[in-house]
Amino acid sequence: NYGKGMWAASLRYHEGKFYVAFVSHGRQDTHLFIADDICGPWEHRHIGEYFHDCSLLFDDDGKVYIFHGNREIFVTELEADLSRPKAGGVNKKILSDKCEGLGYEGSHTYKINGRYYLFNIHWPAGSIRTESCFTAEKIDGEWTGKDVVCNDMNFHNQGVAQGGIVQDAAGN
């Protein structure tokens, strides 16, 4: 059954460990796998809630956040062990997609040169899947942005799916 599997995984490397976070839409829970080596072995844990199409962010100050949602995108601070939302931590809606059609989802989050970046896709009615980029100076500050890729790249007039960014050897 479409949509009942694992979607939009977040892969991160932080302080010598690899992290993969994703949700099981069929079970309505969030999974976390941690390993010292990309080849494993992997330790399986759960993050205490269902965080649709989530993205982990390990911030410079030691705090850990998870970006998540569908149509409405939230940032939630996690406990240091990534087991659940942090009591009294950041838990804020940062985006709301007003378009008719599939709203923002598939969050991919980065901090580059002190600035936060959030990439999502949405599928406005009558259009194709479209990638957006929003940015903020503070994790709980104002997020501004726009659609950045609306192109089917000659693939069945479907548009782009959730995508992240990578840094090349030259630092671009």
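For the reader, a short list of remarks on this structure follows.
- Pairing each residue of the range 127-138 that is without any contact (Cβ under 8 Å) to a residue 60 or more places away in the chain with any residue that is of a type in the set (D, E), provided the two are 6+ apart or on different chains, yields C-beta distances under 6 Å for I128/D152; T130/D147; S132/D147.
- Count - residues of the range 80-114 that are charged (D, E, K, R) and either closer than 14 Å to I139 by Cα or touching a residue at least 40 places away in the same chain (Cβ under 8 Å) (or both): 4
- Leading residue by the ranking (modelled with the lowest pLDDT) among those in the range 103-159 that are more than 27 Å from H25 (Cα to Cα) and among the β-branched types (V, I, T): V148
- Screening the candidates L82, L57, L95 for the property of being in a loop (DSSP other than H, G, I, E, B), surrounded by 15 or more Cβ atoms within 10 Å (Cβ to Cβ) and not aromatic (F, W, Y) yields one hit, L82.
- Members of the range 8-47 that are open to solvent by 70 Å² or more (accessible area, probe 1.4 Å) and either touching a residue at least 60 places away in the same chain (Cβ under 8 Å) or touching a Gly at 6+ places or on another chain (Cβ under 7 Å) (or both): D36
The values are calculated or read from the model by the stated rules, or taken from the named source; none is laboratory data. These figures come from a predicted structure and were not determined experimentally. We place every Cβ from the backbone using ideal geometry, glycine too, and count neighbours over all the protein chains shown. Note: areas computed on protein heavy atoms with side chains; ligands, DNA, RNA excluded. Shrake-Rupley method; radii C 1.70, N 1.55, O 1.52, S 1.80 Å.
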